[in-house]
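Step one of this worksheet: look at the structure below.
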Amino acid sequence: MNLILIHSHEPDSAGRVSLAGERAEHILHVLKAAPGKTLRIGLLNGSKGRGMVERISGQEVVLQCEFEEKIPPRPTVDLLLALPRPKVMKRLWAQLAALGVGRIILTNAEKVERYYFDSHILEPDFYNERLIEGLQQAGDTILPEVRIIKELKPFLEDELNSVFPISGKKLLADPSGEKNIFQCMEPATPQRCCLAVGPEGGWTPYELELFAAHGFQVFTAGPRILRTDTACVALLSLLTLLSGSNEQ
């Protein structure tokens, strides 16, 4: 953990919070903090701050917390992802939060198996724990919004413009693209981006036409066929740098 996240209900009226479990174990056994030590902390979906170790009692750590006024901006990149196999998505949750995405939209596609949507990895209690793990690794506090869409076409036709600004950049990774990601982005122009990544079998021609009709620009990530998790990590890393670091 590079940042210890605290839920808004945990501090008392004096700004003290008592931690046990994984966070306390990290403070005691990894950071080896003693009373008086100051740690990096943050409020989930709130500001960052400092927590001084006030007292250690067994496996419980009491912090005296002070938080900044400024709340970190939401990341500028949203991800629209054809739901991968559950074991792949299980690995991806923490990585996506660590890389920095504002919104994760998991959708069906022709080459996505329907039973993937029955997996426990799509339950909020499961994925929020892993998203928080990624935030603590990256030192961020803003939890990505998660939406699960079982029908792609109605979402693109009826909801896309309400969850993503029309003025933003919409990009879709596919081997059929003629430009690369650098050619699709306007240099030195911060802008909100929505990245669409398909299933490992690829988007169908009909799905590509549907995305194009709703303003998505197709780009190629090169001749190699990548697994979903590899593609997400590689493309999000590039797009985060190219899109700028401030909220749009």
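Readers should treat all values here as calculations from the given coordinates under stated rules, not as data from a laboratory. Everything numeric in this text was worked out from a predicted model, so none of it was measured. Note: ideal-geometry Cβ built from the backbone for every residue, glycine included; neighbour counts use all protein chains shown.
Here are the numbers:
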item: Sequence-distant residues sharing a close amide H with residue 6 (under 5 Å, placed H); result: 42, 43, 44
item: Assigned charges on the beta-carbon of Lys, Arg, Asp, Glu; the chain dipole about Cα centre (debye); result: 620 debye
item: Rel. contact order, % - alpha carbon contacts under 8 angstrom, at least six apart, the chain; result: 21 percent
item: As computed over the range 4-67, the Cα convex hull volume per residue (Å³); result: 74 Å³
item: Cα long-axis angle, helix 86-99 against the chain (0 to 90 degrees, to the nearest 10); result: 70 degrees
item: Within the range 4-67: Cβ-based charge dipole about Cα centre, in debye rounded to nearest 20 (Lys, Arg +1; Asp, Glu -1); result: 260 debye
item: Within the chain, helix-based [θ] at 222 nm, where runs of 4 or more DSSP H residues each add -39,500 (n - 2.57), nearest 500; result: -8500 deg cm²/dmol
item: Proxy reagent accessibility, fewest Cβ within 10 Å first, across 107, 38; result: 38, 107
item: Cα-based equivalent ellipsoid of the range 102-215: semi-axis lengths in Å, sorted from largest, via gyration tensor; result: 24, 21, 14
item: Proxy reagent accessibility, fewest Cβ within 10 Å first, across 176, 167, 243; result: 167, 176, 243
item: For the range 4-67: relative contact order, % (alpha-carbon pairs under 8 angstrom, 6 or more apart); result: 38 percent
item: Shape category assigned to the chain from the gyration tensor of Cα positions, a/c cut at 1.5; result: prolate
item: Residues 85, 227, 192, 114, sorted so that the one with the fewest Cβ neighbours within 10 Å comes first; result: 114, 227, 85, 192
item: Contact order relative to length of the range 1-145, as percent, for alpha carbon pairs under 8 angstrom and 6 or more apart; result: 26 percent
